[in-house]
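To keep things clear, I will list the structure first and then write my remarks on it.
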């Protein structure tokens, strides 16, 4: 499974607490994939526009909706214009469960929409839920 | 009506209604007077006799006669002379005259008699039947015309009496009325106005009303022009609300009604009613402002609750997530007390999360929801699925009749049933298997649903309180919950335009009854039909 070594999850999240919980859960579930965290949409877009040759592009983007500066929806719009981002699934992760937010994000090209977990067990479940996405992306990318 | 107009001059002699008609018999010979008098006796008439033309003239001034019988050949003044003089008297110018003349008299007599206004001729010797018949005709004529005159008099008097009566009443009304009544020309010049009109516009009682043009009593003169154009088109205007200006400059709200009146010969007028509705308008405006303010502050409050609880969720998630992470990973390194403390931390965070979730749900009730056709069978099916675990855990039996399709919000209806059934199960007794019965009855204007249980029941003094936010009757350790469920129910039902009530006693179970209108009643909640 050496192919799994290449590629990574890009987590775009302004809340340090959430970033750390996500990382802890990823580690706890023993997923063999790297995590790159970006504290803002601007930072995340740089990772995609100017990828580190040693790391390549992310297999999955997990994107927070509410962020200071450029928010999740703005980032979705920009990703749609970036050729490099083509084929990378974007999963929204947010504390909002407003149907309108969901619809808008899906219309802007998000692959899915998850409400942020309320506790530690919830984070473990989230990682289990996300797993097929980066694995599937790897298959698509490898084809 | 001209008050100076008087009834016509009374006749020479007040002919009483019942008085018999009078016949004047003029002859210089007593025997003839007697004879003719006897002939006329059977008639309904009083016979008055005169022995000369002079006496006849005097009597004509005193009485009104149905007919005059005049002997042509009399000394001093003959019948023709007398007739000529009688005709000159105004009171007798139309009284029929019958000449009595000798058979031997020539036609010239007759010609002369007719030219003097005779109606008829009778030749002596008189034939009694002919005379009686002729005089009878005139008496009859007299009586009839007298009757007609009498009726005409009565009608005229009655009409005058009624008109006067009406005028008095109308004047009284107009003076006492709070509604201004006026008449003006089409151009706006006032012709007359009642006291209320003066009061409304602050016009002194002594001021000449005809010096005022109504257009100047409008706040915007153009408004009158527009109104007159409409009046020309439609003929009348009813209860038109407009800003008017008193003569002292104060602006008032008035309700105007106007009619365009055309009178042949006298031109066109505007008859109008004006009512000062300033107080009413101000009260209405105050009421509208108040309810708008209330709606705004309610909306603000709900927005606040929504945002506050939404923003509370973020840090709370941190507390809950990290405390549960610590509990999961570091229990081993804590001593017993530390583990208890951590347990309280985890538990407290969880309860806080439930509270915030429920406040959010409460503040969201009715937001962005459109009423539509909802099959309650599908709603209850989903609710029972959600509650499946709880139902199995307590071995409850949930029974329901066939539920109807209503006009409502499917999400809210689900919340209503889920909260009510959830409560019924939560507040069960220890000694009996929980049974929940859901029934429905169609009223004239609403569906009446009921959810009854055989649980612990609720004391009557709490029946109102339990529908308010955060009202709990038990400690969290007895029965878990945030105390918002029933508040959400009530708000959701009220959003549908319905009501919820409770019938219960301690130890006797509880029945919640809620009504959902058959047709959507809430204004601004559009009904959409969905499959």
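Per the conditions (1) within 24 Å of residue B:353 (Cα to Cα); (2) touching a strand residue (DSSP E or B) at 6+ places or on another chain (Cβ under 7 Å); (3) more than 14 Å from every other protein chain (Cβ to nearest Cβ), the sole criterion not satisfied by residue A:115 is (3). For region A:3-57, name all the residues that are in contact with a strand residue (DSSP E or B) (Cβ under 7 Å, 6 or more places away or on another chain), within 14 Å of chain B (Cβ to nearest Cβ) and part of a helix (DSSP H, G or I). Once the filter is applied, which keeps residues that are in contact with a strand residue (DSSP E or B) (Cβ under 7 Å, 6 or more places away or on another chain), within 14 Å of chain B (Cβ to nearest Cβ) and part of a helix (DSSP H, G or I), region A:3-57 yields A:19, A:22, A:23, A:26.
Among the residues making up region A:85-97, a single one is in contact (Cβ under 8 Å) with a residue 24 or more places away in the chain and over 17 Å from residue A:11 (Cα atoms): A:96.
Selection of first residues in region B:287-313 that are more than 14 Å from chain A (Cβ to nearest Cβ) and on the phi < 0 side of the Ramachandran plot and of second residues that are surrounded by 14 or more Cβ atoms within 10 Å (Cβ to Cβ) and assigned to a helix (DSSP H, G or I), restricted to Cβ pairs under 6 Å at least 6 apart or on distinct chains, gives the following pairs, ordered by first then second residue: B:302/B:363; B:305/B:359; B:305/B:363.
Matching residues to (1) over 30 Å from residue A:15 (Cα atoms); (2) in a helix (DSSP H, G or I); (3) modelled with pLDDT of 90 or more:
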{"position": "B:283", "(1), (2), (3)": "yes, yes, yes"}
{"position": "B:287", "(1), (2), (3)": "yes, yes, yes"}
{"position": "B:293", "(1), (2), (3)": "yes, yes, no"}
{"position": "B:307", "(1), (2), (3)": "no, yes, no"}
{"position": "B:315", "(1), (2), (3)": "no, yes, no"}
{"position": "B:319", "(1), (2), (3)": "no, yes, yes"}
{"position": "B:342", "(1), (2), (3)": "no, yes, yes"}
{"position": "B:350", "(1), (2), (3)": "no, yes, no"}
{"position": "B:357", "(1), (2), (3)": "no, yes, no"}
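Across region B:80-90, the number of residues qualifying as touching a helix residue (DSSP H, G or I) at 6+ places or on another chain (Cβ under 7 Å) and part of a helix (DSSP H, G or I) comes to 5. As a summary of the residue check, residue A:100 satisfies the conditions (1) within 11 Å of another protein chain (Cβ to nearest Cβ); (2) assigned to a helix (DSSP H, G or I); (3) free of Cβ contacts under 8 Å to residues at least 24 places away in the same chain; (4) surrounded by 18 or more Cβ atoms within 10 Å (Cβ to Cβ) except for the one numbered (4). Of the residues making up region B:448-477, those that are in contact with a strand residue (DSSP E or B) (Cβ under 9 Å, 6 or more places away or on another chain) and in a loop (DSSP other than H, G, I, E, B) number 8.
Taking every residue in region B:216-236 that is surrounded by 13 or more Cβ atoms within 10 Å (Cβ to Cβ) and pairing it with any residue that is at pLDDT 90 or above and in a loop (DSSP other than H, G, I, E, B), at least 6 positions away or on another chain, yields no pair with a Cβ-Cβ distance below 6 Å. Screening region B:314-369 for residues that are within 30 Å of residue B:493 (Cβ to Cβ) and out of contact with any helix residue (DSSP H, G or I) (no Cβ under 9 Å at 6 or more places or on another chain) and picking the one that is farthest from the other protein chains (Cβ to nearest Cβ) gives B:351. Note on region B:330-373: residues that are exposed (fewer than 13 other Cβ atoms within 10 Å of the Cβ) and touching a strand residue (DSSP E or B) at 6+ places or on another chain (Cβ under 8 Å) total 1. For the criterion of being under 30 Å from residue B:361 (Cα atoms), surrounded by 12 or more Cβ atoms within 10 Å (Cβ to Cβ) and modelled with pLDDT of 90 or more, residue A:64 passes. Residue selection: residue B:233 satisfies the criterion of being out of contact with any helix residue (DSSP H, G or I) (no Cβ under 8 Å at 6 or more places or on another chain), assigned to a helix (DSSP H, G or I) and away from chain A (no Cβ under 14 Å).
Within region A:22-38, restricting attention to residues that are surrounded by 18 or more Cβ atoms within 10 Å (Cβ to Cβ) and free of Cβ contacts under 8 Å to residues at least 40 places away in the same chain, the residue that is farthest from residue A:129 (Cα to Cα) is A:38. Against the conditions (1) more than 21 Å from residue A:132 (Cα to Cα); (2) crowded, with 16+ Cβ neighbours inside 10 Å; (3) more than 14 Å from chain B (Cβ to nearest Cβ), residue A:77 satisfies every one except (2). Among the residues of region A:123-134, the ones that are in contact with a strand residue (DSSP E or B) (Cβ under 9 Å, 6 or more places away or on another chain) and either surrounded by 17 or more Cβ atoms within 10 Å (Cβ to Cβ) or more than 21 Å from residue A:35 (Cβ to Cβ) (or both) come to 4 in all. The single residue among A:76, A:60 that is closer than 18 Å to residue A:107 by Cβ and in contact with a strand residue (DSSP E or B) (Cβ under 7 Å, 6 or more places away or on another chain) turns out to be A:76.
The condition (being exposed (fewer than 11 other Cβ atoms within 10 Å of the Cβ) and in a helix (DSSP H, G or I)) is satisfied by just one residue among B:149, B:162, B:132, B:156: B:162.
Kindly indicate whether any position in region B:374-397 is more than 12 Å from chain A (Cβ to nearest Cβ), in a helix (DSSP H, G or I), surrounded by 12 or more Cβ atoms within 10 Å (Cβ to Cβ) and at pLDDT below 90. Checking region B:374-397: not a single residue is more than 12 Å from chain A (Cβ to nearest Cβ), in a helix (DSSP H, G or I), surrounded by 12 or more Cβ atoms within 10 Å (Cβ to Cβ) and at pLDDT below 90.
The values are calculated or read from the model by the stated rules, or taken from the named source; none is laboratory data. What you see is a predicted model, and the numbers here were worked out from it, not measured in a lab. Note: ideal-geometry Cβ built from the backbone for every residue, glycine included; neighbour counts use all protein chains shown.
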